[in-house]
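One structure is given below, encoded as structure tokens.
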Amino acid sequence: MATTDFIAAIELSSSKISGIAGKKNSDGSIQVLAYAREDASSFIHKGVIYNIDKTAQALTSITNKLENQLNNSIAKVYVGIGGQSLRTVKNAVSRTLDEEGIISQELVDSICDENLEVPLADMSVLDVAPQEYKIDNTLQADPVGVAGQHITGQFLNIVARASLKKNLEHSFEQAKVEIADLLIAPIALANAVLTENEMRSGCALVDFGADTTTISVYKNNILRYLSVLPLGGNTITRDITSLQMEEQDAEKLKLQYGNALYEEEEESETPAVCALEDGRAIELATLNNIIGARSEEILANVWNQLQLSGYEDKLFSGVVFTGGGANLKNIEEAFRKQSKIEKVKTMRFVHDTVHGFSDVLAKDGMQNTLLGLLAAGNENCCLQEVKPAQPAGNPAFTPADMFGNDEALKEQEAAARAAKAQREKEEKERREKERKEREKKEKEKKKKGPSWFEKTFNKISNEIFSDDDMK
């Protein structure tokens, strides 16, 4: 049965492009109806599209797979935008009134418009995270109607390289897939995995992706800082390949034996090893020295970003890890040692209850952003058929199908309709032929002129009813 009411979303990350479709139930849970993914490692790097043609092909493939599972067409999709160049830039716009008065909506709109005019070299503003307004010496979330003489709008512009958005839009345009809304992926993720209390009291969300690590800082339910590091889980995997192996084998070793704080057992007489498929044996200490060194570098950069945000001592709800890279053993403890922040936890799944596709939507943090984009959507993405308008006050009448369950009767009905149509066609052709013959005779008659009888009759009529006799 075709599904006619659903929300569709697509996430473009460095390792894959994922598509999902589902609907929100009345109890707040999400029912996943379709899921598809394509490898993107050859044409997307650190969240940036480098090959529009290949990206468009992957988007077309994902859309077709989703439509096949839904048994219906997709009209539009919600799309997440992220990537290495994504970050926040603070800006302030001030106005001073001639005298103390009431702050109007027009004044606030004017300040917001001026904020968008801030010059950014090779960057474009994707969104503006709402901040407070400072009226005289008081912070206000909603300044309209407040009395004051001096107002300063504090803005947090979410910016990225202009090419990031342009290439993404070109890819969807080439794939002939309409974008319902372009969502900031880290914000959609935060809304899906963080609680309102965590956002209010202050917390940092760290998303360990394949090629990037995204840091988002919240305080008083407001995004305060966002930055993307060009380091991720694949960085560790590529380091392991220095032990002379393919990336696929290195990834398996990382997932199975990786430990951010590996310590060899002192009582063991022989060092612990792991066996490769080619028969080689690698000491776990050697493997985890590589993993630990790169993990330490990534976590040190995360801590540095939290310090740059200025909120490192205001995170009363601590730090929340998510993403595939957060599955590395002891990564929480390793960050505690780096940052001296004790409150660290990992969110491997979204808060919402999700039904369906549990085999691919595993609770490992890798699909949290995609589920966040699905949860953020609010419009039906199904392609609706446009029905012809019916005249007012004259409701459409649909005759009952008397032959719905009888194939033989259906064939008889079709034959009868065909015969009727043929008769009508022949009758129409006969009438048309007669009309043409009449026109032909009339034309020939006009060419010959009036007959002897007509001439004689006209002559007598003229003599009898001449103008002179009528006087």
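The values are calculated or read from the model by the stated rules, or taken from the named source; none is laboratory data. Because the structure is predicted, anything quoted here is derived from the model rather than measured. Note that we place each Cβ from the backbone using ideal geometry, even for glycine, and neighbour counts take in every protein chain shown. Heads up: the accessible areas ignore ligands, DNA and RNA and are worked out on the full protein's heavy atoms, side chains in. Shrake-Rupley method; radii C 1.70, N 1.55, O 1.52, S 1.80 Å.
Structure data summary
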item: Count of residues meeting criterion [within 22 Å of residue 248 (Cβ to Cβ), outside any strand (DSSP E or B), touching a strand residue (DSSP E or B) at 6+ places or on another chain (Cβ under 9 Å) and of a type outside the set (Phe, Trp, Tyr)] in segment 8-46; result: 6
item: Subset of segment 35-49 [out of contact with any Ser or Thr (no Cβ under 7 Å at 6 or more places or on another chain) and without any contact (Cβ under 8 Å) to a residue 60 or more places away in the chain]; result: 36, 39, 42
item: Flag if residue 209 is touching a helix residue (DSSP H, G or I) at 6+ places or on another chain (Cβ under 9 Å), open to solvent by 10 Å² or more (accessible area, probe 1.4 Å) and in contact (Cβ under 8 Å) with a residue 12 or more places away in the chain; result: yes
item: Meets criteria (open to solvent by 50 Å² or more (accessible area, probe 1.4 Å) and of a type in the set (A, V, I, L, M)) for residue 36; result: no
item: Residue in segment 239-250 that is modelled with pLDDT of 95 or more, in contact with a Phe, Trp or Tyr (Cβ under 9 Å, 6 or more places away or on another chain) and open to solvent by 10 Å² or more (accessible area, probe 1.4 Å) present; result: no
item: Neighbours by Cβ (under 7 Å, 6+ apart or cross-chain): first from segment 298-318, within 19 Å of residue 235 (Cα to Cα) and of a type in the set (D, E, K, R); second open to solvent by 40 Å² or more (accessible area, probe 1.4 Å) and not in a helix (DSSP H, G or I); result: none
item: Positions within segment 105-123 being modelled with pLDDT of 90 or more, open to solvent by less than 60 Å² (accessible area, probe 1.4 Å) and more than 13 Å from residue 150 (Cα to Cα), in sequence order; result: 110, 112, 115
item: Exclusive hit being modelled with pLDDT of 95 or more and open to solvent by 10 Å² or more (accessible area, probe 1.4 Å), set 7, 102, 62, 30; result: 7
item: Entirely in segment 180-280, the strands (runs of 3 or more DSSP E) that have 2 or more residues that are farther than 29 Å from residue 290 by Cα; result: 213-219, 222-229
item: Those residues of segment 301-339 which are in contact with a Leu (Cβ under 6 Å, 6 or more places away or on another chain) and either modelled with pLDDT under 95 or farther than 30 Å from residue 362 by Cβ (or both), in sequence order; result: 312, 338
